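**Q** Questions regarding the structure given below will be posed in turn.
The values are calculated or read from the model by the stated rules, or taken from the named source; none is laboratory data. Worth saying up front: this structure is predicted, and the values here are computed from it rather than measured. FYI the Cβ positions are ideal-geometry reconstructions off the backbone, even for glycines, and counts take in every protein chain you see.
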Amino acid sequence: MEQLKTWSFTQLLTKLERMPIYWYIPLAYLVLFALLFPVGLLTKWLHISDIIVNSQNMPSDIWLKYLFAVLAGPILETFLYQVLPYYFLSLFQFFRRNVWIIILVSSIGFGLAHDFSTQHSINATFTGFILMSTYIIRTKNKDSFLCTYLLHAFYNFMAVTLSNFI
């Protein structure tokens, strides 16, 4: 019987770096969903309220929602919460050696920016973790912005669609 081949973390990262973008986006979305599903269950189990703290200021017109949430929002947020933190923190040797701190700082910033409710902020923090990880993983391919933007846009597209039609 042939033994299963074990992969190291660096081998996995290399596979993800080289993966075509049309495979990476759906895979990363599935990982994001697999991460957010138990987080959502945990926040409900812990009775973390989902009371709206801040109005989302989203337009009522469905086409404007798609315009802001799927097109404009992810471009701006990718720049603010992935590009800028990565660029500025990477200037320091300490952060280049400890990339996880860059991911953590970016994730917390992303979560705090989405302060519509406590549960939404928690979910956004985990989403920010996946988005920043995507940005860092894809930097060698020079498609980090595009890949992160597409993942974020697809996530928002699904969120807007499901919230309006289900």
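**Q** List pairs: first in region 100-125 and in contact (Cβ under 8 Å) with a residue 24 or more places away in the chain and over 12 Å from Gly40 (Cα atoms), second surrounded by fewer than 19 Cβ atoms within 10 Å (Cβ to Cβ) and of a type in the set (D, E, K, R), Cβ under 6 Å, 6+ apart or cross-chain?
**A** Ser117/Asp50
**Q** Would you check if there is a residue in region 79-89 being of a type in the set (Val, Ile, Thr) and either under 22 Å from Thr14 (Cβ atoms) or modelled with pLDDT of 90 or more (or both)?
**A** Yes, because at least one residue in region 79-89 is of a type in the set (Val, Ile, Thr) and either under 22 Å from Thr14 (Cβ atoms) or modelled with pLDDT of 90 or more (or both).
**Q** Checking His120 against (1) in contact with a His (Cβ under 6 Å, 6 or more places away or on another chain); (2) at pLDDT 95 or above, only one condition comes out false. Which one?
**A** It is condition (2) that His120 fails.
**Q** Out of curiosity, is Ser121 of a type in the set (S, T, N, Q) and surrounded by 15 or more Cβ atoms within 10 Å (Cβ to Cβ)?
**A** Yes: the conditions hold for Ser121.
**Q** Next question, about the same structure. Only one of these is at pLDDT 95 or above and under 20 Å from Thr10 (Cβ atoms): Ile108, Ile102. Name it.
**A** The match here is Ile102.
**Q** Residues of region 135-154 being assigned to a helix (DSSP H, G or I) and of a type outside the set (A, V, I, L, M, F, W, C), which ones?
**A** Tyr135, Arg138, Thr139, Lys140, Asn141, Ser144, Thr148, Tyr149, His152, listed by residue number.
**Q** Now for a different question. Quick one: in region 32-57, which of the residues that are under 26 Å from Leu146 (Cβ atoms) and surrounded by 14 or more Cβ atoms within 10 Å (Cβ to Cβ) is modelled with the highest pLDDT? Break it down stepwise before answering.
**A** Step one: filter region 32-57 for residues under 26 Å from Leu146 (Cβ atoms), giving 32-36.
Those still in the list that are surrounded by 14 or more Cβ atoms within 10 Å (Cβ to Cβ) too: 32, 35-36.
On the way: Leu32: 91, Leu35: 88, Leu36: 87.
Per the stated criteria, the residue is Leu32.
Quick grid of which residues meet (1) among the basic types (Lys, Arg); (2) under 27 Å from Asn98 (Cβ atoms); (3) buried (at least 19 other Cβ atoms within 10 Å of the Cβ):
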{"site": "Leu131", "(1), (2), (3)": "no, yes, yes"}
{"site": "Thr139", "(1), (2), (3)": "no, yes, no"}
{"site": "Leu150", "(1), (2), (3)": "no, no, yes"}
{"site": "Ala159", "(1), (2), (3)": "no, no, no"}
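**Q** Could I ask something else about it? Please give the helices (runs of 4 or more DSSP H) falling wholly within region 60-134 in which 2 or more residues are over 15 Å from the mean Cα position of the chain (by Cα), over 20 Å from Ala28 (Cβ atoms) and of a type in the set (A, V, I, L, M, F, W, C).
**A** Per the criteria, 62-66, 84-89, 93-97.
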